[in-house]
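*Asks:* Take a look at this one; I'll ask things after.
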Amino acid sequence: MAEQRRKYPREFKLEAVRRVVDGGEPAAEVARALDLQPNMLYSWVRQLKAESAEAFRGNGNMTSQDEEVRKLRREVAVLREERDILKKATAFFAKESR
């Protein structure tokens, strides 16, 4: 039977990365002590360096930039729909006035 994927809280990840980055402990040693795969710990370090404050958001939580893009795309879709309705209405009334 397949093992279930383990989930780690944000605080756990931050503490593990802090031990490697700030504490100067070797990543392999920290990974062994925390019962992790070293490559997982290395990926957490990379993620924290790349995203800093927004690292380890959890599933389904978007960055503020992704959320802004999503909002703007929704707004563009609404505006396009309104524009198309106005085009059709203009064409309809232009036909009627003749």
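Each reported figure results from applying straightforward, stated rules to the coordinates on display, with no laboratory input. Predicted model, so just to flag it, every value in this text is computed and none were measured. A quick note on method: Cβ atoms are made from the backbone with ideal geometry, for glycine too, and the neighbour counts reach across all protein chains shown.
*Asks:* Need the list of lysines near Lys13 for cross-linking: C-alpha distance under 23 angstrom, and skip anything on the same chain fewer than eight residues off.
*Replies:* Lys49
*Asks:* So which helices of the chain fit the span-like rule, where a helix is a whole DSSP H run, its Cα atoms reach 27 Å or more along the axis, and its mean Kyte-Doolittle is at least -1.0?
*Replies:* Membrane-span-like by this rule: 64-96.
*Asks:* Another question, if that's okay. Which order do Thr90, Thr63 fall in if you start with the one that has the fewest other Cβ atoms within 10 Å?
*Replies:* The most exposed by this proxy come first: Thr90, Thr63.
*Asks:* Given the rule -39500 (n - 2.57) for each run of at least 4 DSSP H residues, summed and divided by the residues of the chain, what is its mean residue ellipticity at 222 nm, to the nearest 500 deg cm²/dmol?
*Replies:* Per the formula, -22500 deg cm²/dmol.
*Asks:* Rank Ala53, Gly23, Val76 by how far each Cα sits towards the positive end of the charge dipole of the chain (+1 on Lys, Arg Cβ; -1 on Asp, Glu Cβ) and give me just the farthest.
*Replies:* The one lying farthest along the dipole's positive direction is Val76.
*Asks:* Restricting things to alpha carbons, tell me how big the chain is in terms of Rg and Dmax, in Å.
*Replies:* Reported Rg and Dmax, both Å: 25.2, 84.
*Asks:* Springs between alpha-carbon pairs under 10 angstrom, Gaussian network model over the chain: which of Leu41, Leu72, Leu14 fluctuates most?
*Replies:* Of Leu41, Leu72, Leu14, the Gaussian network model singles out Leu72 as fluctuating most.
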